[in-house]
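The values are calculated or read from the model by the stated rules, or taken from the named source; none is laboratory data. Source: prediction; values computed, not measured. So basically every Cβ, Gly included, is an ideal-geometry build from the backbone, and we count neighbours across all protein chains shown. The accessibility values were calculated without ligands, DNA or RNA, using every heavy atom of the protein model including side chains. Shrake-Rupley method; radii C 1.70, N 1.55, O 1.52, S 1.80 Å.
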Amino acid sequence: MASSKPIILRLLGDTALYRDGQPVSGPAARRHPLALLALLAMAPDRSVSRPRAVGLLWPDANESTVRNRLSSTTYTLRKALGPDALTATGDTLRLARELFECDLWRFLEAVEAGDYEAAVRAYGGDLLDGHYLADSSLFEERVAQQRSSLHRSWREAVRALAHAAEQTARPGSAAHHWQTLAADDPLDTDVATRLLRSLAAAGRRRPSRWATRASAC
């Protein structure tokens, strides 16, 4: 019987995979299978060509080796997640969007909808934080570009919440959001200034260590 629970793929912050509410362990939770899922999840249509996948995941291996590695990786994922989780049509691999929940998708959808509170809740940290493929600089470059873009979107979402709190006379909430940004980038002097103003408006006289450090720069 097929599971009624979605497969949960967490890519923001600590990378993790869950099926039926339980963490997936074993071969499917290793770096290359998770990297393949990440590539598919990051793609706009949740698909990637086989040549693109092997070029990013095993750039230095010969053709026969990468073909076997990709086949083994897709088999491992299907065995762990179910045969319909990952499909192949010709040279294209596709993630079954309807079977998955992914924090990355929730974040992007919330940003697109202008729901910044939901976006901030969905953002658990940097994309694939701590997950590396030491033998593939191409994969690392691809992830680094996406990571940077997502981080900027997160900061913009937090900043939007801070401005909204200021405009609705909620200095305590504004200070909370400016504090979040100051902790992320202690050298942002604009954030530090706004944090100090919000703290003063909220009647909190002791500035944060991040604000103090940034305002001194």
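Quick notes on this one:
- Put simply, of 117, 112 the only residue that is open to solvent by 40 Å² or more (accessible area, probe 1.4 Å) and touching a helix residue (DSSP H, G or I) at 6+ places or on another chain (Cβ under 7 Å) is 117.
- Residue match in the stretch 109-132 (condition: of a type in the set (Ser, Thr, Tyr) and touching a strand residue (DSSP E or B) at 6+ places or on another chain (Cβ under 7 Å)): yes
- Only helices (runs of 4 or more DSSP H) whose full extent lies in the stretch 34-125 are considered here, and the ones with at least 3 residues that are modelled with pLDDT of 95 or more, over 23 Å from residue 149 (Cβ atoms) and of a type in the set (S, T, N, Q) are 63-81.
- Scan of the stretch 150-172 for residues that are open to solvent by 30 Å² or more (accessible area, probe 1.4 Å) and either in contact with a Pro (Cβ under 8 Å, 6 or more places away or on another chain) or over 17 Å from residue 183 (Cα atoms) (or both), ordered by number: 163, 164, 166, 167, 168, 169, 170, 171
- Of the criteria (1) under 17 Å from the mean Cα position of the chain (by Cα); (2) of a type in the set (A, V, I, L, M); (3) at negative phi, which one residue 128 fails: (3)
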